[in-house]
Amino acid sequence: GPTIFASLALSISMMVAGRDHIDFANTKSIIAGLLLGTALASLYISRLPFDALGIVFGVLILIAIAISLKAPRFALNSKGHIAAGALSGFMGTSASVGAPVLALVFQHYPGDQLRATLAYLYVVSSITMLVFLNWAGRFGKDDAISGLILVPGFLLGYVLAPRLISIIDRGYARPAVL
């Protein structure tokens, strides 16, 4: 929860900066999947003892790493988007690692469109996840305060990132995302 909350500062900044490059057409079905995956994860973790969350978190991290290493080319179609959104929503809500799935969907986009579209999806998914986590009793005032402590680090990264963008946009956007 706190990490998702803190990352909103970065995602909103990136979304606003890249607003002219967001691919809204290919995000609608992903958002539908995100809602489904987030709702399922919220139900799941609301019934899971706190002690078991560490195991789930670890397994989902390993799954995210495996997905990133395989890096298949995803077809941009509604069914694939819904599935990717659902998996991202479930993994993001359960373990704060939903981004790798979305990054794989858009990995072949040019850097500016990749950053802007992912930032938009991260904003939508983060807000959705926080609402559902709150509903499941896994995100509250103390978590928000913990998240605020992390915000300066995210914003520092945003301020320093432009120095790397010119290098990354020379054909390194895909490896950087993966």
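The values are calculated or read from the model by the stated rules, or taken from the named source; none is laboratory data. Bear in mind that the values here come from a model prediction, so they are computed numbers and not experimental data. Note that each Cβ is placed from the backbone with ideal geometry, even for glycine, and that neighbours are counted across all protein chains shown. Keep in mind that these areas ignore ligands, DNA and RNA; they rest on the heavy atoms of the full protein, side chains included. Shrake-Rupley method; radii C 1.70, N 1.55, O 1.52, S 1.80 Å.
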Review point. Taking the Cα atoms only, what angle lies between the long axis of helix 78-95 and the longest principal axis of the chain, rounded to 10 degrees?
Key: 50 degrees
Practice item. Give me the accessible area per residue for the chain, probe 1.4 Å, as a whole number in Å². Key: 53 Å²
Point to revise | Which label in (i) 46, 29, 25; (ii) 46, 37, 27; (iii) 65, 32, 27 gives the computed Cα extents along the principal axes in Å | key: (ii)
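I need the peptides 79-88, 96-105 ranked by packing, meaning the mean over residues of other C-beta atoms within 10 angstrom, with the highest value on top.
Packing proxy ranking, top to bottom: 96-105, 79-88.
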Review point. If one takes the longest principal axis of the Cα atoms in the chain, at what angle in degrees, from 0 to 90 and to the nearest 10, does the Cα axis of helix 28-46 lie?
Key: 30 degrees
Study note, to complete from the structure: Longest principal axis of the chain (C-alpha) makes with the long axis of helix 2-17 (C-alpha) an angle, in degrees to the nearest 10, of 30 degrees
